[in-house]
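The values are calculated or read from the model by the stated rules, or taken from the named source; none is laboratory data. The shown structure was predicted, so the numbers you read here are calculated from the model rather than taken from an experiment. Here the Cβ positions follow ideal geometry from the backbone for every residue, glycine too, while neighbour counts run over all protein chains shown.
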Amino acid sequence: MQAPSDDQLDRLAATTGQLLLAGRHMLVTAESCTGGWIAKCMTDVPGSSAWFDCGMAAYSYEAKQALLGVRPQTLEQFGAVSRETVVEMVSGALVHSGATVAVAVTGIAGPGGGSDDKPVGTVWIGWKKRGGYARAEVFHFEGDRDAVRRQTVAAALAGLVPQLGGQT
């Protein structure tokens, strides 16, 4: 996957916003490796106050625990970049907000921080509707830090589209 341009991210955010509005949903984001970039893209769309509740940039273990309710045991056993952690992040985002739909991301954007098990570019994304089950998927993006983060934002938003009744 090539890193999307600003225009591509803007179009994807606008489409996602239209679907949120049509479904009368409110979105919350829980972001680690993107540091709030998903929330920025969504709130760049005019009228986003009608469907954007809040965004939480939870980078550290402590922030993931305090803001999103991620259990210390989960972080110790599986690490921040794991299916288990992103599921707790996306679920906690709904618990700690008034939103009806959540997306969470946690990953290794680089240039350092990777390992044999979790190389740079490894990103977990989770999606959940209030009252539903979390869906999580791992991605292995390529490129520099900016490219990994851009691809993460695009994949996170693209993953919301089918959940909101749209087509990717």
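Hey, can you tell me all the residues within the range 109-163 that are in contact with a Cys (Cβ under 8 Å, 6 or more places away or on another chain) and more than 16 Å from residue 40 (Cβ to Cβ)?
123, 148
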> What do you reckon, is residue 113 surrounded by fewer than 20 Cβ atoms within 10 Å (Cβ to Cβ) and within 16 Å of residue 163 (Cα to Cα)?
Replying inline: no
> Is there a residue in the range 6-28 that is among the β-branched types (Val, Ile, Thr), farther than 16 Å from residue 134 by Cβ and touching a strand residue (DSSP E or B) at 6+ places or on another chain (Cβ under 6 Å)?
Replying inline: no
> What are the residue pairs meeting all of these: first residue in the range 1-24, first residue closer than 25 Å to residue 140 by Cα and of a type outside the set (Gly, Ala, Ser), second residue buried (at least 19 other Cβ atoms within 10 Å of the Cβ) and modelled with pLDDT under 95, Cβ atoms under 8 Å, and 6 or more apart or on different chains?
Replying inline: 16/164
> Can you tell me which residues in the range 30-62 are surrounded by fewer than 23 Cβ atoms within 10 Å (Cβ to Cβ), over 18 Å from residue 12 (Cα atoms), free of Cβ contacts under 8 Å to residues at least 40 places away in the same chain and among the hydrophobic types (A, V, I, L, M, F, W, C)?
Replying inline: 57
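Take residues that are in contact (Cβ under 8 Å) with a residue 40 or more places away in the chain, more than 25 Å from residue 21 (Cα to Cα) and out of contact with any Pro (no Cβ under 7 Å at 6 or more places or on another chain) and tell me which of the strands (runs of 3 or more DSSP E) falling wholly in the range 80-168 contain 2 or more.
On the way: elements: 101-107, 122-129, 135-140.
By residue number, 101-107, 122-129.
Counting just the residues of the range 65-101 that are aliphatic (A, V, I, L, M) and over 16 Å from the mean Cα position of the chain (by Cα), which one comes out surrounded by the fewest Cβ atoms within 10 Å (Cβ to Cβ)? Spell out how you get there, then give the answer.
Of the residues in the range 65-101, the ones aliphatic (A, V, I, L, M) are 66-68, 70, 75, 80-81, 86-87, 89-90, 93-95, 99, 101.
With the extra rule that they be over 16 Å from the mean Cα position of the chain (by Cα), the set shrinks to 66, 75.
Working: 66: 13, 75: 18.
Filtering the range 65-101 for residues that are aliphatic (A, V, I, L, M) and over 16 Å from the mean Cα position of the chain (by Cα), the one surrounded by the fewest Cβ atoms within 10 Å (Cβ to Cβ) comes out as 66.
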>> I'd like to check which helices (runs of 4 or more DSSP H) are fully inside the range 1-79 and have at least 1 residues that are closer than 25 Å to residue 113 by Cα and among the charged types (D, E, K, R).
In response: 37-43, 61-68, 72-78
